[in-house]
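Step one of this worksheet: look at the structure below.
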Amino acid sequence: MKKKPQLKAWLYLLPALLVLSIFQIYPICKSFMMGFYTDFDYLHDVVHAWGMDNFINLFHDGDFHLAIKNTCCLTLIAAPLSIVVSLMFAVLLNSNIRFRKVFQSIYFLPFVTSMVAVSIVWAWMLNKDYGLINSILKVFGISKVAWLTNPKMTLPILVVLSIWKGLGYRVIIFLAGLQGIDQRYYSAARLDGAKTWNRFWHITIPMLRPTIFFLSITSVIDIFKTFDEVYVMYSNEPGPLKSGLTIVYYIFTKFYRHWEFASAAAAAFVLFLIILAITLFQFAAVRLARWYEERRQKS
C-alpha cells in the first residue's frame, strides 16, 4: 500500500527530474569530463584520448597560480569581514531605532541591483580625474589617488565591494536569527549583572552559530565566484598587472578568448574541488567546536 503513493510521487516528479538532468546535471558532468580530454575534436564531439595533461599544464601555468593566490587572499579577507560587518549592522537594526524599515531597504538594495550596474557606478566613483571619491578627498586637501590603475589598490577595492554588495542579504539573514532568540535569556543575564558585551558574546553569538555557519559557506562561495566587478570596472581586463585575476576570470579567459575548452574545464573542476574542500572543512570545524563545547559542559 505504501509503494503506490511513492510511485505516484516519483511519476509526478519525473518531468522535473528529466528537465533538471538534461539541462543542468548533464552539462555540469560534461564540462567536468572535458577537463580530462587531451585530444578532442570539437567539431564532431569525438574524444580521441583521455589523461591528466590539462591538469598538469594547469599547475605549471603562472596565471593560474596568480588567480588562485588573488582569489584566496580576497576570500580570506572579505569573507570574515563581511560576516562581522553584517552582524554589527544587524544588531544595530534589531534595536529600537527610528526608520528601521527604511535602513533595511537601503542595505538590501545592492543585493537586488545588477552587479554590472553596480560595477559601472563604482568605476565612475573611483575614476582618478572626475570620480566622486577623489572629489571628496580634494575637499580635505588630499591629492588624487589612482584607484583603478594602481595594482596595490585592486585587492582593497574588491574586498570593500564584496562586503558592500552582500551586506543587505547577510543583514536580513542575521536579523531573522536575532529575532528568533528568546528575550528571556537577555532578561536573566541582566538580572545576573551581565554587561552588554558579555550578553552579546555568551548569548547572541552561541544562538547565532547556525546562521553564522550558513553565511560563512555562502559568503566563501560567492566571493570565489568574483568576476563581473573585475570585468566591468577594469574595462574587460583583469586589473593592472593582473592584480584582479580571479579563478573565474581565468576560466573565462581560457574559454572565451583562447578557446581552450579543456583547460577551462580543468580549471573549473579545480575550483569545484577547492570550494568542496573549504565547505567540508567548515562542517568539520563546526562539529569539532560542538563536540568541544559538549565535553566542556559535561566536565
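Would the range 66-77 turn up any residue that is over 30 Å from Glu260 (Cβ atoms) and of a type in the set (A, V, I, L, M, F, W, C)?
Let us first name the residues in the range 66-77 that are over 30 Å from Glu260 (Cβ atoms), namely 77.
Next cut, of a type in the set (A, V, I, L, M, F, W, C) only: 77.
Yes, the range 66-77 contains at least one residue that is over 30 Å from Glu260 (Cβ atoms) and of a type in the set (A, V, I, L, M, F, W, C).
One residue stands out in the range 137-152 among those that are outside any loop (DSSP other than H, G, I, E, B) and of a type in the set (Lys, Arg): the one that is modelled with the lowest pLDDT, namely Lys138. Using the structure shown, decide if Ile203 is surrounded by fewer than 18 Cβ atoms within 10 Å (Cβ to Cβ) and either of a type in the set (Lys, Arg) or in contact (Cβ under 8 Å) with a residue 12 or more places away in the chain (or both). Judged against the criteria, Ile203 is a match.
Based on this model, can you work out whether Leu271 counts as in contact (Cβ under 8 Å) with a residue 24 or more places away in the chain, surrounded by 16 or more Cβ atoms within 10 Å (Cβ to Cβ) and within 24 Å of Val121 (Cβ to Cβ)? Spelling it out, it is not the case that Leu271 is in contact (Cβ under 8 Å) with a residue 24 or more places away in the chain, surrounded by 16 or more Cβ atoms within 10 Å (Cβ to Cβ) and within 24 Å of Val121 (Cβ to Cβ).
Would you point out the residue of the range 175-198, among those that are of a type in the set (A, V, I, L, M, F, W, C) and in a helix (DSSP H, G or I), that is surrounded by the most Cβ atoms within 10 Å (Cβ to Cβ)?
Restricting attention to the range 175-198, the residues satisfying the condition of being of a type in the set (A, V, I, L, M, F, W, C) are 175-176, 178, 181, 188-189, 191, 194, 197.
Among the residues that remain, those that are also in a helix (DSSP H, G or I) are: 175-176, 178, 188-189, 191, 197.
Numbers: Leu175: 20, Ala176: 11, Leu178: 18, Ala188: 13, Ala189: 17, Leu191: 8, Trp197: 8.
Among residues in the range 175-198 that are of a type in the set (A, V, I, L, M, F, W, C) and in a helix (DSSP H, G or I), the one surrounded by the most Cβ atoms within 10 Å (Cβ to Cβ) is Leu175.
Do we have any residue at all in the range 245-264 that's surrounded by 21 or more Cβ atoms within 10 Å (Cβ to Cβ) and not in a helix (DSSP H, G or I)? Yes, there is a match, as at least one residue in the range 245-264 is surrounded by 21 or more Cβ atoms within 10 Å (Cβ to Cβ) and not in a helix (DSSP H, G or I). Thr226 fulfils the conditions (1) assigned to a loop (DSSP other than H, G, I, E, B); (2) more than 30 Å from Ala123 (Cβ to Cβ) except for a single criterion, (2). If you check Leu280 against the conditions, is it surrounded by 10 or more Cβ atoms within 10 Å (Cβ to Cβ) and within 27 Å of Thr211 (Cα to Cα)? Answer is yes for this residue.
The values are calculated or read from the model by the stated rules, or taken from the named source; none is laboratory data. Here the structure is a predicted model, which means the values were calculated and not measured. Every residue, glycine among them, receives a Cβ derived from its backbone with ideal geometry; neighbour counts consider all protein chains shown.
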